[in-house]
1. Can you name every residue in the stretch 27-59 that is under 24 Å from Ala94 (Cβ atoms) and of a type in the set (Gly, Ala, Ser)?
2. Yes or no: Leu76 within 14 Å of the chain's Cα centre (by Cα), part of a helix (DSSP H, G or I) and either within 30 Å of Ala196 (Cα to Cα) or modelled with pLDDT of 95 or more (or both)?
3. Name the one entry in Glu159, Glu179, Glu168 that is within 14 Å of Pro212 (Cα to Cα) and out of contact with any helix residue (DSSP H, G or I) (no Cβ under 7 Å at 6 or more places or on another chain).
4. Would you be able to say whether some residue in the stretch 163-178 is within 16 Å of the chain's Cα centre (by Cα) and free of Cβ contacts under 8 Å to residues at least 40 places away in the same chain?
5. Condition (residue is in a helix (DSSP H, G or I) and farther than 23 Å from Ile209 by Cα) applied to the stretch 30-42: is it met by at least one residue?
6. Restricting to the stretch 208-219, name every residue that is part of a helix (DSSP H, G or I) and surrounded by 14 or more Cβ atoms within 10 Å (Cβ to Cβ).
7. Select from the stretch 1-27 the residues that are in contact with a strand residue (DSSP E or B) (Cβ under 7 Å, 6 or more places away or on another chain) and part of a helix (DSSP H, G or I) and list them in ascending order.
8. Among the residues of the stretch 43-55, count how many are buried (at least 19 other Cβ atoms within 10 Å of the Cβ) and part of a helix (DSSP H, G or I).
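The values are calculated or read from the model by the stated rules, or taken from the named source; none is laboratory data. Keep in mind that what you see is a predicted model, and the values were worked out from it rather than measured. Neighbour counts run over all protein chains shown; Cβ positions are idealised from the backbone, glycine included.
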Amino acid sequence: MKILVINGSPKKENSDTMHITRAFLEGINEVSENEVHIIHAVDRNIQYCTGCFSCMRNGGKCIHRDDMKAILEEILESNLLIFSYPLYCYGMPAPLKALIDRTLPLSSMAMQKVGERYEHVGQADFSHLKYVMICGCGFPNSQQNFEPAVAQFRLCFPEHHTMITVPESPMFNAPEAAEVTVPRLALVREAGKQYAVNGTISDELMSQICSPMIPEEIYVNIVNHSVTPSSDRSDG
C-alpha cells in the first residue's frame with residue numbers, strides 16, 4: 001500500500017501530533033510492508049487558490065506554477081492519505097488549508113446530487129483513496145474543540161474516512177509525561193494494526209485513544225503553572 005502523510009504542522013517532525021501519526025504508521029507497518037512518504041506542507045511552495053475556477057474548466061490545469069501539480073499526482077497515486085495536524089482556531093493550520101484548497105483541479109464545475117447534498121463531479125478518479133485525519137490539540141478535552149475540524153473533514157472526504165482526535169497532545173513532546181504518553185501511543189499502534197487489517201478502528205479503542213491522558217483539572221494546572229509571558233504556543 002502506498003501511504004501519503006500530509007503534515008500540516010509548522011513544527012514539521014517536531015509536531016506533537018506527529019508522535020501520534022508515527023505510532024499509527026508503526027501499527028500499520030506491523031501488518032504489512034508499505035511505502036510511506038511524508039510531506040510537510042509548510043516546506044512546499046503552495047500558492048493560495050484565487051477562486052478563478054480555471055482548473056475546473058480546462059481539465060485541471062491551474063494558473064499557478066508551484067509544487068501542487070506534483071502533490072496532486074502523488075495523491076492520485078496513493079492508496080491512503082493521512083492528514084496529520086494540530087488544531088489551530090478549531091480547524092487546520094494555514095499551510096495545510098492552502099494545500100486542501102488547491103485540490104480543486106480534481107473537480108469540475110459540473111455538479112451532481114449525492115445523498116442530501118450536491119457535489120462537484122470529479123475530473124480524476126480518486127475512488128480508490130482512503131482518508132485518515134489525526135488531529136491533536138492543547139486543550140484537556142475533546143468536547144467543544146474538535147467538532148469544526150471533524151465536520152470539515154467529513155464534508156471534504158465523505159467516504160472512506162477515519163478520524164482520530166487526541167486532547168492534551170503537547171504531552172507527547174514532554175519526556176516527563178512518558179508514564180501516560182507511552183501507553184497511549186501503544187493504543188495508537190494497535191489502532192494502526194486494526195486499520196491495516198479491517199479498514200476501521202473499534203469504537204472501544206477509539207474512545208480510549210481520544211480520551212484525556214490525565215484528569216482535565218491536573219492538566220490545566222500543569223499548563224497554567226508553566227505559562228510565562230514569552231511562552232510559545234503549546235500545540236503543534
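1. If the condition is that a residue be under 24 Å from Ala94 (Cβ atoms) and of a type in the set (Gly, Ala, Ser), then Ala41, Gly51, Ser54 are the ones that fit.
2. Criteria not met by Leu76.
3. On the way: Glu159 fails: within 14 Å of Pro212 (Cα to Cα); Glu168 fails: out of contact with any helix residue (DSSP H, G or I) (no Cβ under 7 Å at 6 or more places or on another chain).
After applying the criteria, what remains is Glu179.
4. yes
5. Yes.
6. Filtering the stretch 208-219 for residues part of a helix (DSSP H, G or I) gives 208-209, 216-219.
Of everything in the stretch 208-219, those that are part of a helix (DSSP H, G or I) and surrounded by 14 or more Cβ atoms within 10 Å (Cβ to Cβ) turn out to be Gln208, Ile209, Tyr219.
7. Correct list: Lys12, Asp16, Thr17, Met18, Ile20, Thr21, Phe24, Leu25.
8. Final tally of qualifying residues: 1.
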